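> First the structure, then my questions, so here it is.
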Amino acid sequence: SESRRYTHGLGFLTSLPVTPVVGDGGGGALTDAEDWGGLRAMDEAEKEFSRLVGAVLTRFFAQNGRTAPPDAEMAAFGARLWSIVGERGLPRPLAAHESGAPGGMAEEECAALVARVVGGATDEWLANAAKQLVKACFYPEFKVCRDSWREVAADGGCRRQELKRVRGRVSGTHCVDCPHWVALPAEAHEVMVANEWRAGAADFRRDRGVFLPEDFRALRRWLHAEARRGGGGWCGDA
């Protein structure tokens, strides 16, 4: 069978096999149940992605004492971001023997993507969240944590463990691409962070939902699994 590209939902593209039908002039048609199954799976992926993004946004606004955007606006935000995932693909999954390396994105490139995701909204908190979520979707995989979350400054402080600073982060004390989100189960992750918390475990656990948000873990793990399902292709594919 030949392969063609179909647009589905809000601009998300995927390659699907097309089985030509005898007598159709060679134009092809979606005739196999697996073709429609692919479309349904793609639609479900978009819905789940938007749900996960909406949960992160809701918590992010709440931890900053602000009212989250209406559900319809958050759904549109998620759909626009998912559309970009469809265009660019997710980061290439690492093989078992690969360690990967932290990556980044040019500020101009990131700003252009953020502008598309917010869709004309002027809320600076929404733009801030969008910038972090763009990075969460497109930064490459790696397996060894940078340890920024426990890095001590010259003045003895640890910026990533300060509640005021961390409130402005969708991913809490960790980076948006930190491998711990995927590598560690929630319980083990909590113990590790609590043991390294400079102000003591009680201080960490008092605002655990801000410092180690489980909604963000859910998003990171879903993206990690979706990349292995081939969702959106891979960044840098020819």
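The values are calculated or read from the model by the stated rules, or taken from the named source; none is laboratory data. Note that the structure is predicted; figures quoted are calculated from it, not measured. Cβ coordinates were reconstructed from backbone atoms using ideal geometry, including for glycine residues, and neighbour counts include every protein chain displayed.
> Among the residues of segment 123-173 satisfying the criterion of being free of Cβ contacts under 8 Å to residues at least 24 places away in the same chain and acidic (Asp, Glu), which is surrounded by the fewest Cβ atoms within 10 Å (Cβ to Cβ)?
Here the residue is 155.
> Give 155, 177, 203 a once-over and let me know the one that is more than 17 Å from residue 62 (Cβ to Cβ), touching a strand residue (DSSP E or B) at 6+ places or on another chain (Cβ under 9 Å) and not polar (S, T, N, Q).
Numbers: 155 fails: touching a strand residue (DSSP E or B) at 6+ places or on another chain (Cβ under 9 Å); 203 fails: touching a strand residue (DSSP E or B) at 6+ places or on another chain (Cβ under 9 Å).
Just one listed residue meets the conditions, 177.
> Let me ask you something else. So which helices (runs of 4 or more DSSP H) are wholly in segment 129-236 and hold at least 1 residues that are small (Gly, Ala, Ser)?
Details: elements: 163-166, 180-183, 186-195, 201-206, 208-211, 214-229.
The helices (runs of 4 or more DSSP H) meeting that bar are 180-183, 186-195, 201-206, 208-211, 214-229.
> Still on this structure: Any residue at all in segment 100-113 that is in contact with a helix residue (DSSP H, G or I) (Cβ under 7 Å, 6 or more places away or on another chain) and part of a helix (DSSP H, G or I)? Explain how you work it out, then say what you get.
Taking segment 100-113 and keeping what is in contact with a helix residue (DSSP H, G or I) (Cβ under 7 Å, 6 or more places away or on another chain), we get 105, 110, 113.
Keeping just the survivors that are part of a helix (DSSP H, G or I) gives 110, 113.
Yes - at least one qualifying residue is present in segment 100-113.
> Moving on to the next point. Evaluate the following for residue 78: is it of a type outside the set (A, V, I, L, M, F, W, C) and either modelled with pLDDT under 95 or closer than 26 Å to residue 162 by Cα (or both)?
Values: of a type outside the set (A, V, I, L, M, F, W, C): yes; either modelled with pLDDT under 95 or closer than 26 Å to residue 162 by Cα (or both): no.
No: the conditions fail for residue 78.
> Could you please give the count of residues in segment 85-111 that are without any contact (Cβ under 8 Å) to a residue 60 or more places away in the chain and under 26 Å from residue 58 (Cβ atoms)?
3
> Within segment 210-233, count every residue that is within 20 Å of residue 148 (Cβ to Cβ) and either in contact with a Lys or Arg (Cβ under 7 Å, 6 or more places away or on another chain) or at pLDDT below 95 (or both).
Final tally of qualifying residues: 2.
> Kindly provide the set of residues from segment 77-92 that are of a type outside the set (Gly, Ala, Ser), assigned to a loop (DSSP other than H, G, I, E, B) and within 23 Å of residue 51 (Cα to Cα), ordered by number. Lay out the reasoning, then the answer.
Applying the first criterion (of a type outside the set (Gly, Ala, Ser)) to segment 77-92 yields 77, 80-82, 84-85, 87-88, 90-92.
Cutting the leftovers down to assigned to a loop (DSSP other than H, G, I, E, B) gives us 91-92.
Once the filter is applied, which keeps residues that are of a type outside the set (Gly, Ala, Ser), assigned to a loop (DSSP other than H, G, I, E, B) and within 23 Å of residue 51 (Cα to Cα), segment 77-92 yields only 91.
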